[in-house]
Amino acid sequence: MNHDRYDDSYIRGILEEVRTIAIVGASANPTRPSYLVMKYLAERGYRVFPINPGQAGKEVVGLTFLGRLADVPEPIDMVDVFRAPEHLPAVWAEVETILPLPKVLWMQLGVRNDEVAAQAEAAGLKVVMDRCPKIEYGRLSGEIGWTGVNSRTLSSRRPKLLGQGVQRLSIASRKPPGAV
Amino acid sequence: MTEDTTAPAVHEPGFATLAVHAGAQPDPTTGARATPIYQTTSFVFDDVDHAASLFGLQAFGNIYSRLGNPTNAVLEERVAALEGGTAALAVASGHAAQHLVFHTLLTPGDEFIASRKLYGGSINQFSHAFKSFGWNVKWADPDDISTFEAALTDKTKAIFVESIANPGGVVVDIAAISAIAKKAGVPLIVDNTLATPYLWQPIKDGADIVVHSATKFLGGHGNSLGGIIVDAGTFNWSATDRYPFLSAPRPEYQGMVLHETFGNFAFAIAVRALGLRDLGPALSPFNAFMLLTGIETLPLRMQRHSENALAVARYLAAHPKVEWVSYPGLENDRYHALAQKYLPKGAGAVFTFGLKGGYEAGVSLVSNVELFSHLANIGDTRSLIIHPASTTHRQLTDEAKVIAGAGPQVVRLSIGIEDVADIIGDLDQALAKV
């Protein structure tokens, strides 16, 4: 797996497949990137579990902080990590004991640890490094273009609205039913 | 890390495809295929929490057209894609773009280095308007790169150049100036108005920020003002504490740090959220629509502009009443080598030439053209002509006119996309009367 550059279909596949996301290093401070990502993903319909031992038990935007990954009461599809690269071995040591194993290990923008990535891939997980799921979701749905950001995607298909509002877009396939 | 060498290369769309499609998706609610003109000041919130998220920069979305507008956003993403940047911001004019860029980078008492060879309006803006903000310009000569290094001080916050310098004919060695900027740890800002990304993508040569007067070749039809700021995503704003709009907690946003939060498009967010929001030079969505429509044909127009300009430059160089022609597409031009390096697809449409008959000849020429329009703009489908000494530079002393490249014999052309035989025919009949 080449981690210098990801195909859009790889990222889209992950974001469509996972439903439950544990965010390691989540913050209760509304100006921190980890808070913004946690809230955004929850609003996009994911079941989000913030993990931060210092905040355990605290409730923010309807989400309850847990102390460790093992405290998550249901199977985790994806672990999103807001920790510096040197802390990744410790995070992986926790992740690899979870049963069933998560399907995806995602390291945030600025976080890359190739040794841990190789271990996770050997265990059957998909790995994403140095990316933000909020930015990737916004990019693939078309939302991020509202801010003048280069989404690096082209589509002649109408974007799909998400939920009741008019200012949320979905990453679901835009093709008509039956198309592949 | 294991390398998967069997994966197919990620396909990148070509420039002409991006010029038509980048940023523009069918409208999600109506299916409209052309980009609608969202002629509205404001946008309803889904609910109170959604409003709070938008105001706090926590969610992507629309609030008020001074901060962003869906029509303008398509223009922004399109130009970001064409320049190879991470994001862009569209504003009311090229001057507004420059104002917001420097507002984001400089505080009173700071300095920036600018090329001496710039559009006259930029020289005025930097010399006078910016001085009253306490932003001090130091001039350097793009024909002597060492003058940029010599102008650096510990107060220098940025370097500013034009890729092809107005009034045309000067090609600036962006890669060499970028090397100086990188060594000094300051961003390089390139005004790419005359080249457009079709002829030159300065980000590939080390520009950190690209600005445009979209009024010119991007729009291309002489019908709408607009300005664009493109974030290359290359500069590390957090390496020092010299760019606090990017690297320090912002009181305007409850202590958010923009570079940490928005990564490689933080500058585009900063010029929007801390510049456009507070200083206010918003672009009309109608103008954004006109500029977008123009950009769809940018590759075709720039090819034709450059082909026509080269033919006109060759005609003038052989004309007995013409003393000199300054067009880097000509083989004997002093900038021809730089043009071959940076502008292989053409040297653009704007250039100057000198008439042997001096001031009177210049006045006679602009008085006798019938296809060329005598006016003070460039980058139109129409061919344009101006005699700076009798118009834009008339108030200067003769000596000052020469220093500004607007001596009595100088005529500036912006060659349009008409049939080249008609363009040359018009100059020929007017020169015959000189």
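The values are calculated or read from the model by the stated rules, or taken from the named source; none is laboratory data. Since this is a predicted model, take the numbers as computed values, not measurements. Heads up, the Cβs are rebuilt from the backbone with ideal geometry, glycines too, and the neighbour counts pull from every protein chain shown.
Descriptive notes on the structure:
- Applying the condition of being within 21 Å of the chain's Cα centre (by Cα) and not hydroxyl-bearing (S, T, Y) to the range B:308-338 and asking which residue is surrounded by the fewest Cβ atoms within 10 Å (Cβ to Cβ) yields B:L338.
- Residue within the range A:138-148 that is buried (at least 17 other Cβ atoms within 10 Å of the Cβ), at the interface with chain B (Cβ under 7 Å from one of its Cβ atoms), modelled with pLDDT of 95 or more and not in a loop (DSSP other than H, G, I, E, B) present: no
- Checking A:E121 against (1) more than 20 Å from B:P26 (Cα to Cα); (2) crowded, with 21+ Cβ neighbours inside 10 Å, the condition it does not meet: (2)
- Test result for B:V91, free of Cβ contacts under 8 Å to residues at least 60 places away in the same chain and β-branched (V, I, T): no
- Of all residues in the range A:52-69, those satisfying the criterion of being in contact (Cβ under 8 Å) with a residue 24 or more places away in the chain, more than 26 Å from A:D114 (Cβ to Cβ) and not in a strand (DSSP E or B) are A:Q55, A:K58, A:F65.
- Residue tally, condition in a loop (DSSP other than H, G, I, E, B) and over 25 Å from B:R334 (Cα atoms), over the range B:170-187: 3
- Failed item in (1) part of a helix (DSSP H, G or I); (2) over 27 Å from B:V48 (Cα atoms); (3) in contact (Cβ under 8 Å) with a residue 12 or more places away in the chain, with A:I76 passing the rest: (1)
- The condition of being under 29 Å from B:G219 (Cα atoms), assigned to a loop (DSSP other than H, G, I, E, B) and of a type outside the set (A, V, I, L, M, F, W, C) holds for only one of B:R382, B:R334, B:R412, that being B:R382.
- Yes/no for A:G163 being in contact with a Gly (Cβ under 6 Å, 6 or more places away or on another chain) and either within 10 Å of chain B (Cβ to nearest Cβ) or farther than 23 Å from B:H21 by Cβ (or both): no
- When the range B:55-82 is limited to residues that are in contact (Cβ under 8 Å) with a residue 40 or more places away in the chain and in contact with a Lys or Arg (Cβ under 8 Å, 6 or more places away or on another chain), the one that is farthest from the other protein chains (Cβ to nearest Cβ) turns out to be B:R66.
- Identity of the residue in the range A:10-51, part of a loop (DSSP other than H, G, I, E, B) and within 14 Å of chain B (Cβ to nearest Cβ), that ends up surrounded by the fewest Cβ atoms within 10 Å (Cβ to Cβ): A:N29
- Wholly enclosed helices (runs of 4 or more DSSP H) of the range B:56-169 bearing at least 3 residues buried (at least 24 other Cβ atoms within 10 Å of the Cβ): B:70-83, B:94-105
- Evaluating B:T107 against the criteria (1) within 14 Å of another protein chain (Cβ to nearest Cβ); (2) within 30 Å of A:N29 (Cβ to Cβ) leaves one unmet condition, (1).
- The set of residues from the range B:388-399 being assigned to a loop (DSSP other than H, G, I, E, B) and either modelled with pLDDT of 95 or more or within 13 Å of B:G120 (Cβ to Cβ) (or both) comprises B:T391, B:T392, B:H393, B:R394, B:Q395, B:L396.
- When residues of the range B:235-287 are limited to those that are over 30 Å from B:Y38 (Cα atoms), of a type in the set (A, V, I, L, M, F, W, C) and surrounded by fewer than 20 Cβ atoms within 10 Å (Cβ to Cβ), the one farthest from the chain's Cα centre (by Cα): B:A248
- Number of residues in the range B:34-54 that are of a type outside the set (S, T, Y) and either more than 8 Å from every other protein chain (Cβ to nearest Cβ) or assigned to a helix (DSSP H, G or I) (or both) equals 10.
- Filter result for A:L88 (in a helix (DSSP H, G or I) and touching a residue at least 24 places away in the same chain (Cβ under 8 Å)): yes
- Residue check: B:K341 meets all listed conditions (1) part of a loop (DSSP other than H, G, I, E, B); (2) surrounded by fewer than 17 Cβ atoms within 10 Å (Cβ to Cβ) but one, namely (1).
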